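In what follows, a single structure is set out as structure tokens and then discussed.
Just so it is clear, none of the values below were taken in a lab; they were calculated from the coordinates. Keep in mind that what you see is a predicted model, and the values were worked out from it rather than measured. Cβ sites come from the backbone with ideal geometry, for glycine too, and all protein chains shown count toward neighbours.
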Amino acid sequence: MSKILVIAEHDGKKLNQATARCVTCARLIPGAEITVAVFGADPAAVAAQAAQLAGVARVVTVAAACNAHPLAAVLAPQIVTLAADYTHLLGASTTFGKDLMPRVAALLGVPQISDAMAVEGAYKFKRPTYAGNAIVTLEAPPDRKVVATVRTASFEAAGGGGAAAVSAVAIEFTAPAHTRFVSISAASSDRPDLASAAKVVSGGRALGSKENFEIIFKLAERMGAAVGASRAAVDAGYAPNELQVGQTGKIIAPELYVAVGISGAIQHLTGIKDAKTIVAINKDAEAPIFEVADFGLVGDLFQIVPELDKSLTK
Amino acid sequence: MRKILVGVKRVVDYNVRVRVKPDGSGVITDGVKMSVNPFDEIALEEALRIRERGEASEVIAVSIGPDDAQQQLRTALAMGADRAILVKTDRLVEPLAAAQALLAIVRKENADLVILGKQAIDDDAAQTAPMLAALWDRPQATFCSKLEIKGGSATIVREVDAGLETIEIDLPAVISADLRLNEPRYVKLPDIMKAKKKPLDVIELAALGVSAEPGLKPVLTEPPKPRSKGIMVKDVAELVDALKKKGLV
């Protein structure tokens with residue numbers, strides 16, 4: 001049997017959808033028995049959401065003041081304490097999981113599988129390397145714990161309808177004082193979340209300025225879509241960092257991805273190739289984005305985007 | 001005064017279109033341009049700036065890899081590192097072994113700060129920094145986009161999925177550099193000449209008591225499945241029609 005512990009990601013109130021995708025990955029592991037661990041100052045509400053995920057057998061909560069903010073140095077030793085009962089430890093390959101899980105793996109003295117994208121067996125996983133240009137199948141030793149981060153774009157979110165038992169676990173633990181949370185400045189927004197949105201409209205360098213980038217926000221709003229950006233657009237200051245899509249930003253898998261003025265560097269394409277439908281709008285007919293696009297339109301984005309916006313109001 | 005250790009990994013240049021070997025045993029690296037991992041250049045640039053502000057006295061560039069990685073260390077020396085150490089091995093080194101090797105160097109050098117790239121663009125693993133911090137039992141600040149040292153601690157801005165997170169860590173610590181931490185300087189010709197005279201020590205990986213035996217067995221490397229070729233539409237109306245047919249708008 002594979003006894004799997006999935007580390008929940010949340011903001012104190014809401015369970016992140018990345019965790020539901022992790023659970024789907026976990027369910028594909030042969031003989032899976034899935035427990036979700038929720039660390040927090042007051043984890044009850046998040047635990048209740050995790051308990052509803054299909055396929056989850058148990059939810060354990062670890063309530064402590066030091067768990068109010070997700071600091072890897074604080075969480076990792078607690079996860080190691082829980083780890084004794086499990087064969088697999090999974091976290092989403094988000095900035096949360098990428099920060100935390102390697103610290104857990106190193107404390108356990110085991111290697112980590114980053115960005116698991118397919119389950120080939122209880123100890124066999126596929127993962128992308130070289131910005132997704134080479135897919136490697138890795139075998140982990142069955143006599144050691146598997147620690148992995150899960151490439152969320154590769155798995156659908158687990159559905160609801162579950163009713164897992166929730167239990168509290170007390171861990172004897174003195175949190176290290178050497179790492180202190182100060183603040184988080186999240187761009188508060190009513191727009192859909194980029195990582196989990198069904199539709200995404202992204203803008204690139206060709207937008208030319210922060211002001212011009214507004215037409216991307218406008219089109220996204222019209223379509224009920226999240227906003228993304230290429231690295232070039234973020235580097236140029238047209239869009240904030242958390243909107244970056246690609247190898248070093250977010251890897252996403254929306255139903256519809258609209259790339260506006262994005263040439264399609266390989267580092268960007270790796271972030272979108274699981275999108276179901278890709279639309280590319282670019283003035284350069286030779287742009288590599290058209291090689292992956294389902295629908296390509298060559299032309300001036302400053303004419304096309306407003307026209308598209310207008311035709312969608314009808 | 002503070003000593004900063006910076007990781008410098010030799011990787012396939014980011015402009016190279018990587019190809020998988022036909023026998024599935026890996027990717028083709030023969031005759032391919034190799035460079036310093038771009039995130040490591042950012043890490044090194046930050047270390048140099050800290051030294052230039054007078055907050056550190058020495059910057060040591062460390063690479064783990066084959067003899068040829070001396071080229072990337074020379075680049076690091078030309079950028080401004082004071083000296084370099086190559087931990088030599090001809091085998092592929094997993095992040096856990098890399099972290100163990102770096103820890104051995106950290107202890108040997110009594111380093112106060114380690115700055116690594118947030119990930120290497122070959123294996124894209126993004127593990128070494130948190131693993132080193134764990135083994136060292138010190139704070140970690142991954143995905144750092146701003147760093148300020150005040151006395152014995154540092155204030156770090158981190159690029160996280162939700163936005164920007166600020167944390168405070170006590171030194172010694174491990175930091176991983178994100179894209180927007182800085183823009184690395186260009187190397188000038190006289191610096192390349194000067195770099196040839198800077199010290200570069202070579203230590204065998206085994207001499208550090210670290211095994212390169214992989215914990216994970218790569219059984220197959222394959223190219224990704226290609227997306228099927230799409231169609232070009234002539235105007236917005238045709239695009240909207242196509243999307244409507246698919247129920248996407």
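Overview of results
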| quantity | calculated |
| --- | --- |
| Value in Å of the Kirkwood radius, where chain B supplies the Cα pairs that are averaged | 19.7 Å |
| Nitroxide proxy distance, nm - points 7 Å out along Cα→Cβ at A:Arg58 and A:Ala84 | 1.3 nm |
| GNM result for chain A, Cα springs below 10 Å: residue of A:Ile272, A:Ile184, A:Ile262 fluctuating most strongly | A:Ile184 |
| Whole-Å distance, taken between Cα centres, linking segment B:194-249 and segment A:171-215 | 23 Å |
| Charge sum, other residues only, whose C-beta stays under 10 Å from B:Leu132's C-beta, Lys/Arg counted +1 and Asp/Glu -1 | +2 |
| Amide H within-cut-off set for A:Val150, under 5 Å, with H built and near neighbours excluded | A:Gly91, A:Ala92, A:Ser93, A:Asp115, A:Ala116 |
| Whole-Å semi-axes of the protein assembly as shown's equivalent ellipsoid (Cα gyration tensor) | 35, 30, 23 |
| Shielding by partners, peptide B:198-209 (average Cβ within 10 angstrom, other chains) | 0 |
| HN-Hα J in Hz across segment A:90-105 - Karplus 6.51, -1.76, 1.60, θ = phi - 60°, x for Gly and Pro | 10, x, 5, 7, 9, 4, 5, x, 5, 7, 8, 5, x, 5, 5, 4 |
| Sequence of B:Val6, B:Val240 once ranked by neighbouring C-beta atoms within 10 Å, starting from the fewest | B:Val240, B:Val6 |
| Residues A:Ser202, A:Ser183, sorted so that the one with the fewest Cβ neighbours within 10 Å comes first | A:Ser183, A:Ser202 |
| Gaussian network model of chain B, Cα within-10 Å springs - most flexible of B:Leu135, B:Leu147, B:Leu103 | B:Leu135 |
| Separation in nanometres of the label points that stand 7 Å from Cα toward Cβ, at B:Lys21 and A:Ser2 | 2.8 nm |
| Shielding by partners - mean other protein chain Cβ count within 10 Å, residues of B:212-224 | 6 |
| Cut-off 15 Å between beta-carbons: net charge of the residues surrounding A:Thr270, Lys and Arg +1, Asp and Glu -1 | +3 |
| Inter-site label distance for A:Ala41 and A:Glu139 at 7 Å from Cα along Cβ, in nm | 4.8 nm |
| Dipole magnitude of chain A, debye to nearest 20 (Cβ charges: Lys/Arg +1, Asp/Glu -1, about Cα centre) | 300 debye |
| Segment A:30-79 and segment B:117-157: distance between their alpha carbon centers, rounded to Å | 24 Å |
| Dipole of the protein assembly as shown [Lys/Arg +1, Asp/Glu -1 at C-beta], most positive-end residue of B:Val106, B:Val236, B:Leu171 | B:Val236 |
| GNM flexibility winner over chain B from B:Asp40, B:Asp178, B:Asp137 (Cα, springs under 10 Å) | B:Asp137 |
| Helical segments meeting 15 Å axial Cα length and Kyte-Doolittle -1.0 threshold in chain B (DSSP H) | B:38-52, B:95-109 |
| Dipole magnitude of segment A:201-275 about its Cα centre (Cβ charges: Lys, Arg +1; Asp, Glu -1), debye to nearest 20 | 120 debye |
| Value at 222 nm in deg cm²/dmol, rounded to 500, when DSSP H runs of n ≥ 4 in chain A each add -39,500 (n - 2.57) | -8000 deg cm²/dmol |
| For B:Asp90, B:Asp122, order by how many other beta-carbon atoms lie within 10 Å, fewest first | B:Asp90, B:Asp122 |
| Whole-number percent relative contact order across segment B:153-218, with pairs defined as alpha carbons under 8 Å at least 6 apart | 18 percent |
| Segment A:2-168, relative contact order [Cα under 8 Å, separation at least 6], % | 29 percent |
| Reciprocal mean inverse distance between Cα atoms of chain A - Kirkwood radius, Å | 20.5 Å |
| Segment B:3-218 - percent relative contact order, Cα under 8 Å, separation 6 or more | 25 percent |
| Farthest toward positive dipole pole in chain A [+1 Lys/Arg, -1 Asp/Glu at C-beta], among A:Leu5, A:Leu256, A:Ser196 | A:Leu5 |
| Partner chain coverage, peptide B:136-143 - average Cβ within 10 angstrom | 5 |
| 24 Å Cα-Cα threshold exceeded, pairs from A:Lys3/A:Lys98; A:Lys3/A:Lys250; B:Lys118/B:Lys197; A:Lys276/B:Lys33; A:Lys13/A:Lys210; A:Lys3/A:Lys276 | A:Lys3/A:Lys250; B:Lys118/B:Lys197; A:Lys276/B:Lys33; A:Lys13/A:Lys210; A:Lys3/A:Lys276 |
| MRE, 222 nm, helices only [DSSP H, n ≥ 4, -39500 (n - 2.57), over chain B, to nearest 500] | -8000 deg cm²/dmol |
| Of B:Leu200, A:Gln303, B:Leu73, farthest towards positive along the dipole that unit charges on Lys, Arg, Asp, Glu beta carbons give the protein assembly as shown | A:Gln303 |
| Net length gained if the chain between B:Asp90 and B:Arg227 were fully extended (0.36 nm per residue, minus Cα distance) | 45.7 nm |
| Where chymotrypsin sites (Phe, Trp or Tyr not before Pro) fall in DSSP loop in segment A:138-228, at most 15 other Cβ within 10 Å | A:Phe173 |
| Segment A:84-124-segment A:256-298 distance, computed between alpha-carbon centres (Å) | 31 Å |
| Full-stretch length increase - A:Ala68, A:Asp300 - with 0.36 nm per residue and alpha-carbon distance subtracted | 78.7 nm |
| Sum of side-chain charges, B:Lys234 neighbourhood, beta-carbon under 15 Å (Lys, Arg +1; Asp, Glu -1) | -4 |
| Distant alpha-carbon pairs in segment B:146-199 (separation over 15 angstrom), percent | 62 percent |
| 10 Å Cβ shell holding at most 11 others, DSSP loop, trypsin sites (Lys or Arg not before Pro): longest site-free stretch of chain B | B:54-187 |
| Under the Debye formula (equal points on every Cα, no solvent term), log10 I(q)/I(0) of segment B:107-249 at q = 0.13, 0.17 Å⁻¹ | -0.88, -1.14 |
| Electrostatic dipole magnitude of segment A:2-168 [Cβ: Lys, Arg +1; Asp, Glu -1; Cα centre; debye, to 20] | 140 debye |
